[in-house]
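The next block holds one structure in the form of structure tokens; read it before the comments.
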Amino acid sequence: MLKKITTTATALLLATLTACGSADSGASGGAGGKTDKITMGFAQVGAESGWRTANTTSVQRSAATAGVELKFSDAQQKQENQIKAIRSYIQQKVDVIAFSPVVETGWDAVLLEAKRAKIPVILTDRAVDSKDDSLYETFLGSDFVLEGEKAGKWLTENSQGPVNVVELQGTTGAAPAIDRKKGFEKAVAARQDIKIVATQSGDFTRAGGKQVMEALLRSTPDIDVVYAHNDDMGLGAIEAIKAAGKTPGKDIKIITVDAVKAGMEALAAGEINYIVECNPLLGDQLMDLAKKVLAGEEVPKRVVTEETTFTPEQAKAALPTRQY
Ligand code: GZL
């Protein structure tokens with residue numbers, strides 16, 4: 001029994017929740033909603049990065065704490081595997097489905113199957129580009145355009161004169177890759193002397209970032225800055241830059257997104273110059289939203305997680321207590 005979400009303008013709230021996940025408030029059943037044990041089917045993207053591993057751990061731990069039975073699948077970054085997993089959850093008649101769409105497009109058919117089966121869907125981390133927002137109850141995740149803007153703003157404030165940027169994009173077609181690029185370009189647009197001289201996908205992996213950076217170092221002269229859509233690709237770029245006899249963080253400055261432990265350690269060591277945080281600890285908020293949806297309570301259509309940025313000094317201070 002699900003209360004249809006009203007999609008009035010007021011329902012489109014950007015609820016800003018604490019960055020590291022609040023203690024699970026575990027909403028109990030509301031009027032006429034489901035109040036016994038919840039079964040959730042979660043279709044994860046894969047295990048491509050430190051961020052993804054932290055996100056998976058958060059979802060699994062929060063499910064255990066919230067008393068939610070979790071069915072979990074790893075799609076190895078393949079959309080067809082995520083679709084298969086969602087179909088399997090529908091056949092198993094889970095109470096709720098949550099997933100992080102590996103790419104933005106191609107979800108309407110399977111989400112319509114979930115809707116017809118009366119199984120609510122919660123988008124976590126990444127969005128879909130569907131025109132029909134009745135296909136999901138809410139989208140919990142970061143504002144990736146803002147993350148890109150923060151990266152670009154730092155560069156405009158910390159560079160003078162001509163700057164040649166190479167961009168290591170995330171997975172082609174993924175919301176964070178599309179939007180981090182959009183935000184960065186918007187932020188640097190006013191500086192005519194900041195140019196993105198090369199841009200290529202490293203698929204959010206360390207190996208991908210290294211491989212692309214090796215090729216760019218051979219093909220692109222005078223690289224001043226690397227803008228990597230996640231820490232893992234930035235760490236791969238560091239390996240390539242060192243192998244080319246240059247000093248990362250000095251000869252070539254590096255800006256990344258995520259702020260996972262390995263990235264923060266490179267930042268503290270001065271091999272990365274700036275990191276924009278992307279919070280993977282979505283588990284508590286996800287379980288809370290699932291309970292509210294199943295209890296028939298209204299939830300915002302969009303829940304944006306709070307995040308910050310780090311300089312090397314800030315990374316040194318944060319590392320001792322960092323959760324991931
Ligand atoms: C962002 C998330 C991205 C991370 C990458 O919310 O989808 O996917 O930035 C991860 O590290 O692979």
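The values are calculated or read from the model by the stated rules, or taken from the named source; none is laboratory data. Owing to the predicted nature of the structure, the values given are computational and were not obtained by experimental measurement. When we count neighbours, we look across all protein chains shown, and the Cβ atoms used for this are built from the backbone with ideal geometry, even at glycine.
Structural remarks
- Among the residues examined, ASP203 qualifies as within 16 Å of the ligand (Cβ to nearest atom), part of a loop (DSSP other than H, G, I, E, B), in contact (Cβ under 8 Å) with a residue 24 or more places away in the chain and in the same structural domain as ASN158 (by TED's automatic domain parsing).
- If the condition is being closer than 14 Å to LYS291 by Cβ, part of a helix (DSSP H, G or I) and of a type in the set (Val, Ile, Thr), then the stretch 46-70 contributes only THR65.
- Test: ALA228 is within 19 Å of ILE275 (Cα to Cα), away from the ligand (no atom under 13 Å from the Cβ), crowded, with 24+ Cβ neighbours inside 10 Å and not charged (D, E, K, R): no
- Qualifying residue in the stretch 167-185 (condition: touching a residue at least 60 places away in the same chain (Cβ under 8 Å), in a loop (DSSP other than H, G, I, E, B) and among the hydrophobic types (A, V, I, L, M, F, W, C)): yes
- Count - residues of the stretch 55-92 that are farther than 19 Å from ALA174 by Cα and within 16 Å of the ligand (Cβ to nearest atom): 3
- Restricting the stretch 299-318 to residues that are assigned to a loop (DSSP other than H, G, I, E, B) and β-branched (Val, Ile, Thr), the residue that is surrounded by the fewest Cβ atoms within 10 Å (Cβ to Cβ) is THR308.
- Sole residue being within 28 Å of ALA228 (Cβ to Cβ), outside the structural domain of THR205 (by TED's automatic domain parsing) and surrounded by 20 or more Cβ atoms within 10 Å (Cβ to Cβ), chosen from ALA174, ALA151, ALA75, ALA114: ALA75
- Boolean, SER88 is in contact with a helix residue (DSSP H, G or I) (Cβ under 9 Å, 6 or more places away or on another chain) and of a type in the set (S, T, N, Q): no
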